[in-house]
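What follows is a short report on a single structure.
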Amino acid sequence: MLQTRPFQRLRRIKQLGFSDFVYPGATHSRLLHSVGVFHTARRLVEVIERHTGVKDARGDQALAAALVHDLGHGPVTRSRG
């Protein structure tokens, strides 16, 4: 899934706009954001499964949703006023 064209397009979309001009370390693409959300969701699903003792398809669905939640986004634009 990560190698698909729609997902790889997220590499070119900045999550933080032009923040990297002021803070050079603030480089964060929508791809990195999506991978981070997936990581957080995976940890949450593990906690829920450990707490409830139930492992079902909903955990996998949550992980898939976390990974692809930004696929429909374009670059963020700011309104002028």
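Listing for the model above:
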quantity: Unique match (being assigned to a loop (DSSP other than H, G, I, E, B) and modelled with pLDDT of 90 or more) among 54, 76, 47; calculated: 54
quantity: Test: residue 62 is in contact with a Phe, Trp or Tyr (Cβ under 6 Å, 6 or more places away or on another chain), part of a helix (DSSP H, G or I), hydrophobic (A, V, I, L, M, F, W, C) and at pLDDT 90 or above; calculated: no
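The values are calculated or read from the model by the stated rules, or taken from the named source; none is laboratory data. What you are looking at is a predicted structure, and each value in this text was computed from that prediction instead of being measured. So basically every Cβ, Gly included, is an ideal-geometry build from the backbone, and we count neighbours across all protein chains shown.
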